[in-house]
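No value in this document is a laboratory result; all are computed from the given coordinates. None of the values given here were measured: they were computed from a predicted structure. Don't worry about glycine lacking a Cβ; one is built from the backbone with ideal geometry, like all the others, and counts go over all protein chains shown.
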Amino acid sequence: MSNIRVLLVDDYPAFLEILATTLGKDARFEVVGRASSGVEALSAASRLRPDLVLMDVTMPFMDGIEATKRLRMAPDSPRVVLFAMETNSEREAAARQAGADGMLFKYEVEQQLLPLLTILFPLPTSVPTSMSNLALTDFVTGRLNDYEKLLRRVGVAEQTREERLRGARDFAVLLFGNGLYIK
């Protein structure tokens, strides 16, 4: 499996280091570049082709929301997660409308970034082909329980969490057949 290529964007170098250190805890992520403005982010993304852009909202020359809009215009655009020191409903709505995949407070990064990225880039799971239906059911149920815990930990609303879990259960049955006994 190839690494998930990440571009870090913030005009505050110390925060870029926090992001890099946090990403360093998961070997799947490889920091391929850094930028200090939305303008630099667009240029770097075009050149580096990252899978993920982690970007501050408030920066000189072009803010993160405008840069996100422009990044998302590309046919193979990267995932984008925005960061802010403070936010409000208008800013959050603008981030969603721009196409951001997530938004976190900067002070939450060390606790919330990797759980959010695990949702955006799920860990691959391999299932041995020799598993019985009962063992496969136990395996899938365990992964669904892990997914539910993750959704709770990152604060996904109950209704949204139930919809995502129902979709995951339906997908598991579709993938492995009706021999699964998933609650």
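Show me 30-41, 157-168 ranked by packing, highest mean number of other Cβ atoms within 10 Å first.
Highest-to-lowest ranking by the protection proxy: 30-41, 157-168.
Once the piece of chain linking residue 108 and residue 77 is laid out straight, how much longer is it, given 0.36 nm per residue of separation minus the C-alpha distance between them?
Here the segment from residue 108 to residue 77 would lengthen by 8.6 nm.
How long, wide and thick is the range 1-77, going by the Cα atoms along their three principal axes, in whole angstroms, largest first?
Cα spread of the range 1-77 along its principal axes, largest to smallest: 32, 31, 16 Å.
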